[in-house]
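Right, one structure below, let's go through it.
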Amino acid sequence: MEHYTMNLTLKVWRQKNSSDKGKFETYQVSDISSEMSFLEMFDVLNERLIKEGKEPIAFDHDCREGICGMCSMYINGRPHGPWQANTTCQLHMRAYKDGDTIVVEPWRANAFPVIKDLVVDRRAFDNIVQAGGFISVNTGNAVDANAMPIEKDKADAAFAAAACIGCGACVAACKNSSAMLFLSAKVSHLALLPQGEPERKSRVLKMVQQMDKEGFGACTFTEACEAVCPKEISVTNISRLNKEYLVAGLTEDKG
Amino acid sequence: MKWSEFFTSSVGKKFVMAFTGLFLISFLIVHVGINACIFADLVDDTDNGEMFNKAAHFMGSSYLIRIMEIGLFVGIIAHIVQGYMLEFQNRARRKQGYAVSMGSQGSAWYKKSMGLLGTLILLFLIIHISHFWVPSRITYAETLSEVSYYNGKPMHDVFSKMVEVFKSPTWGLVWVILYILGCFSLAWHLLHGFQSSFRTLGVHNKKWVGVVKGLGVAFSIIVPLIFALMPVSIYFGWVTNN
Ligand code: SF4
Ligand code: FES
């Protein structure tokens, strides 16, 4: 594709801290290269703001290669912007043309309170994982990887679920602010593998309980999460999670 | 895990919606089957609602069915109450909304509008129950005439009640339109609800999800269509009591 430059109008959510009310601020940016990433455009704008003695826009990012899940921008009405199966950091400016107006908001959900500008607190996800998203093994020599046979299809499905990077776009897109796609990825990933078997039932019960405590909504299968997930986690996992919960809830006394 | 916890978690509440939803779907099958008896008049001009009246009589005559009817009301009320609670709780999970909404990107409008569609169905149900269920179960003495078919006991002429409602010179057309709108709401509600209930209850294998989706589309079109054809057929005089 031809390289080109563009001038854009950005409307960005600015909020000093969690108790500030916050508002949109409009910025004109010029000579943005079509080769830049979306975050690089923000870097350019921030450098200018610093030079002007203004507060730069706070946003989350880390790897900038689509694997850490830190970047989180709700761009023109869609988490992670217009491209399919893509993170904000991997969105490139060639998705836009000269003169476009882009509205950038933080993830919105009570469970993800805004810390500053576009940065939200996603510790609720960590708490869910800490409630059961692991396997308990005593330390010692690492076991040979091939000692435990796993069916290829199951291994593939578990791997696909494990691709979830915990970005929270599913929550941001969901009309119910439900974290079910995230949770279902974490539960499925371990439920499909023999290593996850010993804690299979208690895990799903504890994780659902924690998810409810964190204040996420209930899933109504609108499938908006799947459409925006950068890792294309399938809603099939939600059905699997529900089955795990049904079996565990009906058969376990504790949990 | 206690039963109370099982049904009150976010996943458990959805089980309640799915179980009651599927129960109501099974009721629709019975309901549409019995009411479709009015179409006997299309093939046999002397039927005049006899087949339907007999079926309706049967549905009111056995204690077992009357007890199931109570179960049906419990199911409907549970579905409505839980549905509204979920809708409001879920809405409250995002106190501050977005300036630019997602619209229907990635998710069709009806999947996001189950609360609205359910409310329309509820409004329709209020009209519908007061049209037919109340006369045939509570106020029949004043509102229903009786017919007797050869060698049979007299029974309520619910069919004439249908004709009276939909052929009423003042309100007939209004009722027919409202009934069609009710069937439309039901169709969209079912289009999401049918497949979603199964998937909420854990159906995740590709081949079964395919079956459930296919059946769901067929059910959501066929059942509301047959229902809608009833007031229409009576209004246009295709099905008559003479
Ligand atoms: S399921 Fe997808 S959208 Fe949700 S946190 Fe994981 S990677 Fe992000
Ligand atoms: S910054 Fe790591 S995924 Fe975007």
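Observations on the model:
- Rg over Rh for the range A:123-251 works out to 0.97, both radii taken from alpha-carbon positions and Rh defined as the Kirkwood radius.
- Shape category assigned to the range B:12-148 from the gyration tensor of Cα positions, a/c cut at 1.5: prolate
- Mean shadow area of the range A:5-105 over all directions, Cα convex hull, nm²: 6.5 nm²
- Gain in span if fully extended, B:ILE222 to B:ILE129, counting 0.36 nm per residue against the direct Cα distance: 31.3 nm
- Result for chain B in a Gaussian network model with C-alpha springs under 10 Å: among B:VAL30, B:VAL43, B:VAL100, the largest mean-square fluctuation is at B:VAL100.
- Reduced Cα scattering model of the protein assembly as shown, Debye log10 I(q)/I(0), q = 0.07, 0.11 Å⁻¹: -0.51, -0.97
- Two-site label geometry, B:LEU28 and A:THR5: point separation in nm, points 7 Å out along Cα→Cβ: 5.9 nm
- Length gained on full extension, A:LYS54 to A:LYS213: 53.4 nm, using 0.36 nm per residue less the C-alpha separation.
- Computed over the range B:131-242, Cα set: Rg, Dmax in Å: 18.9, 55
- Chymotrypsin sites (Phe, Trp or Tyr not before Pro) within the range A:81-134, DSSP loop, no more than 16 other Cβ atoms inside 10 Å: A:TRP83, A:PHE134
- Anisotropy class of the range A:169-243 from Cα gyration tensor, a/c 1.5 cut: oblate
- By the rule of a C-alpha distance below 19 Å, with chain neighbours fewer than 8 residues away ignored, the aspartates and glutamates paired with A:LYS254 are A:GLU197, A:GLU199, A:ASP212, A:GLU244, B:GLU5.
- Contact order relative to length of chain B, as percent, for alpha carbon pairs under 8 angstrom and 6 or more apart: 29 percent
- In a DSSP loop and with at most 12 other Cβ atoms within 10 Å, the GluC sites (Glu not before Pro) in the range A:28-104 are A:GLU52, A:GLU65.
- The phi torsions of the range A:164-170, fed into the Karplus equation with coefficients 6.51, -1.76 and 1.60 and a -60° offset, translate into couplings of 4, 9, x, 6, x, 4, 4 Hz, rounded to whole numbers, with Gly and Pro shown as x.
- If R0 is taken as 51 Å, the Cβ-Cβ distance between A:GLU47 and B:ILE65 corresponds to a FRET efficiency of 0.10.
- Taking chain B as a Gaussian network of alpha-carbon nodes connected by springs under 10 Å, the highest mean-square fluctuation of the residues B:VAL232, B:VAL16, B:VAL203 belongs to B:VAL203.
- For chain A, relative contact order (Cα pairs under 8 Å, six or more residues apart, normalised by length) works out to 19 percent.
- Rounded percent of accessible protein surface that carbon and sulfur make up, the protein assembly as shown, 1.4 Å probe: 61 percent
- Percent RCO, i.e. relative contact order, over the range A:142-255, from Cα pairs under 8 Å lying at least 6 residues apart: 34 percent
- For the range B:137-242, chymotrypsin sites (Phe, Trp or Tyr not before Pro) meeting the loop criterion (DSSP other than H, G, I, E, B) and having at most 14 other Cβ atoms within 10 Å: B:TYR149, B:TYR150, B:TRP171, B:PHE236, B:TRP238.
- Listed values for the range A:184-194 are Karplus-derived 3J(HN,Hα) couplings in whole Hz (6.51 cos²θ - 1.76 cosθ + 1.60, θ = phi - 60°), namely 5, 5, 5, 6, 4, 3, 8, 5, 7, 10, x, and x replaces Gly and Pro.
- Chains B and A together, accessible area buried on both sides, 1.4 angstrom probe, square angstrom: 3800 Å²
- Per residue, the accessible area of the range A:134-197 comes to 51 Å², computed with a 1.4 Å probe over protein heavy atoms only.
- Modelled label positions at B:LYS207 and B:TRP3, each set 7 Å beyond Cα in the direction of Cβ, lie 3.6 nm from each other.
- Shape category assigned to chain A from the gyration tensor of Cα positions, a/c cut at 1.5: prolate
- Choice from B:GLN82, B:GLN195, B:GLN105 with maximal GNM fluctuation in chain B (Cα, 10 Å cutoff): B:GLN105
- FRET E, pair A:ARG123, A:ALA85, Förster distance 30 Å, beta-carbon r, rounded to 0.05: 0.70
- Inter-centroid distance (Cα atoms) of the range B:1-40 relative to the range A:1-37, Å: 49 Å
- Subset of A:LYS175/A:LYS243; A:LYS186/A:LYS206; A:LYS201/B:LYS207 violating a 18 Å alpha-carbon distance limit: A:LYS175/A:LYS243; A:LYS201/B:LYS207
- Alpha-carbon gyration tensor eigenvalues x 5, square-rooted, for the range B:3-235, Å: 36, 20, 18
- Two-site FRET efficiency, B:THR119 against A:GLU35, from Cβ-Cβ distance with R₀ of 60 Å, rounded to 0.05: 0.75
- Helix A:38-51 and the longest principal axis of the C-alpha atoms of chain A enclose an angle of approximately 50°.
The values are calculated or read from the model by the stated rules, or taken from the named source; none is laboratory data. Since this is a predicted model, take the numbers as computed values, not measurements. So basically every Cβ, Gly included, is an ideal-geometry build from the backbone, and we count neighbours across all protein chains shown. Surface accessibility is based on the protein's heavy atoms, side chains included, excluding ligands, DNA and RNA. Shrake-Rupley method; radii C 1.70, N 1.55, O 1.52, S 1.80 Å.
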